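The values are calculated or read from the model by the stated rules, or taken from the named source; none is laboratory data. All figures in this text were calculated on a predicted structure; none of them were measured in a lab. Please note: Cβ atoms are built from the backbone with ideal geometry, for glycine as well, and neighbour counts cover all protein chains shown. Please note that ligands, DNA and RNA were not included when accessible areas were found on the heavy atoms of the full protein model with its side chains. Shrake-Rupley method; radii C 1.70, N 1.55, O 1.52, S 1.80 Å.
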Amino acid sequence: MSEADWAKQMAPYEQPNLRRSALDIATSVVPYLALVVAMYLALDVSVWLTLALAIPAGGFLLRVFIVFHDCGHGSFFATKRANRWFGRFCALLVWQPFTNWRHDHAVHHGTAGDLDRRGVGDVPTLTVDEYRAKTWRGRLGYRLFRNPLVMFGIGPIYSLMVMPRLTSFDKRPRLRNSVLLTNLALGTMIAALCLLFGWQEFLVVWMPAAVIAATAGVWLFFVQHQFEDVYWESSERWSYAAAALRGSSYLKLPKLLQFFSGNIGLHHVHHLSAKVPNYNLQRAHDENEVFADVPVLTLRDGLRCPRLKLIDPASGRLVTFAEARRIAKASATVTPAAAGASA
């Protein structure tokens, strides 16, 4: 599929609709903030009631992130200005520096599935040979990182609270300032809330919902590009359209989960055209035959994806550590045999 072909097919779905965007805000930002207020009030009744309310609050905060995400792609509103300023507002709710996140995420869209351009905005993934070439300490570190308890336990906290706070002096000033100014705004907001309500109350109200949303978000991002037959190619053979259609999953979720995840399970459509707002993704998928053969994952499939650890470039698959050992043994057996045959 040429760029002209898919660009023409996606164009009708790329137009933001102000009513639909307003409905998204009414079913994400508004209920999330309302639940935060209710959670503070519920502390006078029971801390357990506050924690119970954190579950739906986490779901709505995940939807806030999808709105933030669409603003980052410039797809939520018709104007750049509206996307930028509302994106910055949502950034404070999801604890992300808008401009810096937008840059890293754009790199992710331009490099997903490219073996030679891994490392920005993606889940670090080694090839079988890269893993074998590491020292035992390097292998242990990689195993720990890819362990589900670390990735979906520590990972969400790190990706929400720690990593977005970090920057370096070699970054472009615009990106560095995005991080620093967001940190300042968040620090001011948190300090004010702690002074008004108390730091313990702040932690009980804000943190559980944030961790729930972050955990769901990390898992969604993981399974969207970490399934068995995912697309990986070297730069000279890499194709943007192929990476979208074969390297991004169609995660078929139950309707309630699809609602809270803002249709992001239709990730193949999103990667083909990031300008399609979340509320048009399903329609774009349903009305275009180009999406008929994309990789489909069920919820159960998605829950099994974390067992996959390494890229096998020869087969173009993600494999488990056990499969990687068998690949290494087969390679060691074939190589001497081939050498003997050539002699």
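Classify the range 1-141: rounded, prolate or oblate, from the alpha-carbon gyration tensor (a ≥ b ≥ c, eigenvalue square roots; a/c under 1.5 rounded; otherwise prolate if a/b is larger than b/c)? Taking the square roots of the gyration eigenvalues as a ≥ b ≥ c, the range 1-141 is oblate.
Couplings 3J(HN,Hα) of the range 201-213, computed from phi: 4, 4, 4, 5, 7, 8, 6, x, 5, 5, 5, 4, 5 Hz, in residue order, whole Hz [Karplus 6.51 cos²θ - 1.76 cosθ + 1.60, θ = phi - 60°; x for Gly and Pro]. Of the solvent-accessible surface of the chain, computed with a 1.4 Å probe and all protein chains present, 64% belongs to carbon and sulfur. Note on Rg and Dmax of the Cα atoms in Å: of the candidates (i) 19.8, 67; (ii) 21.8, 83; (iii) 21.5, 76, the value calculated from this structure sits at (ii). Helix content alone sets the calculated 222 nm mean residue ellipticity of the chain: runs of n ≥ 4 DSSP H residues at -39500 (n - 2.57) each, divided across all residues, give -19500 deg cm²/dmol. Per residue, the solvent-accessible area of the chain (1.4 Å probe, heavy atoms of protein chains only, all protein chains present) comes to 51 Å².
Each of the peptides 16-25, 209-218, 73-82, 49-58 was scored by the mean count of other Cβ atoms within 10 Å over its residues; in descending order, highest first, they stand as 209-218, 49-58, 73-82, 16-25. Could you state the number of Å between the C-alpha centres of the range 126-181 and the range 6-40? Measuring centre to centre over Cα atoms gives 30 Å.
Checking the cross-link pairs Lys252/Lys275; Lys134/Lys171; Lys171/Lys255 against a 31 Å limit on the alpha carbon distance flags Lys171/Lys255 as lying beyond it. For the range 53-121, a simple Cβ point-charge model (Lys and Arg +1, Asp and Glu -1, everything else neutral) yields a dipole of about 260 debye relative to the Cα centre.
Taking the charge dipole of the chain about its Cα centre, with +1 at Lys and Arg Cβ atoms and -1 at Asp and Glu Cβ atoms, the residue from Met163, Val269, Leu18 reaching farthest to the positive side is Met163.
Note on Thr320: accessible area approximately 20 square angstrom, rounded to 10, probe 1.4 Å, nucleic acids and ligands left out. Taking packing as the residue-averaged number of other Cβ atoms within 10 angstrom, the listed peptides 303-310, 61-68 run from highest to lowest as 61-68, 303-310. Taking 1.306 mPa s as the viscosity and 10 °C as the temperature, the Stokes-Einstein diffusion coefficient of the range 164-234 based on its alpha-carbon Kirkwood radius rounds to 103 µm²/s. Rg then Dmax, both in Å and based on the Cα atoms of the range 211-331: 15.3, 48.
Rounded to the nearest 20 debye, the dipole size of the range 1-113 about its Cα centre is 320 debye, using +1 on the Cβ of Lys and Arg and -1 on the Cβ of Asp and Glu. Estimated at 0.36 nm per residue, the fully extended path between Thr298 and Leu257 surpasses their Cα-Cα distance by 13.6 nm.
Between Arg172 and Trp48, the FRET efficiency from the beta-carbon distance, with R0 = 51 Å, is close to 0.60.
Please determine, in degrees from 0 to 90 and to the nearest 10, the orientation of helix 80-94 with respect to the longest principal axis defined by the Cα atoms of the chain, where the helix direction is its Cα long axis. With both axes taken from Cα atoms, the answer is about 90 degrees. Projecting the Cα atoms of Phe86, Asn278, Gln200 onto the dipole axis of the chain, where Lys and Arg carry +1 and Asp and Glu carry -1 at the beta carbon, places Gln200 farthest toward the positive end. Ranking of Glu14, Glu130 by solvent-accessible surface, largest first: Glu130, Glu14 (1.4 Å probe, protein heavy atoms only, all chains present). Converting phi to 3J(HN,Hα) with the Karplus coefficients 6.51, -1.76 and 1.60 and the offset θ = phi - 60°, the range 109-124 yields 5, x, 10, 4, x, 8, 4, 8, 10, 7, x, 10, x, 10, 8, x Hz in sequence order, with x at every glycine or proline. The solvent-accessible area of Lys134, taken with every protein chain present and a 1.4 Å probe, is close to 90 Å². Accessible-area rank, largest first, for Tyr158, Tyr142: Tyr158, Tyr142, with all protein chains present and a 1.4 angstrom probe. Computed from backbone phi with θ = phi - 60° and the Karplus coefficients 6.51, -1.76 and 1.60, the 3J(HN,Hα) list for the range 315-329 is 9, x, 10, 8, 10, 7, 4, 5, 5, 5, 5, 5, 5, 5, 5 Hz; x is used for glycine and proline.
Net length available on complete extension from Ser331 to Leu195 is 42.7 nm, with 0.36 nm assigned per residue and the Cα-Cα distance removed. With all protein chains in place and ligands, DNA and RNA left out, the 1.4 Å accessible area ranks Val30, Val276, Val107 as Val30, Val107, Val276, largest first.
Given +1 at the Cβ of Lys and Arg, -1 at the Cβ of Asp and Glu and no other charges, the dipole of the range 106-259 around its Cα centre is 220 debye to the nearest 20. Between Leu33 and Glu289, the distance separating the two model label sites (each 7 Å from Cα on the Cα→Cβ line) works out to 4.7 nm.
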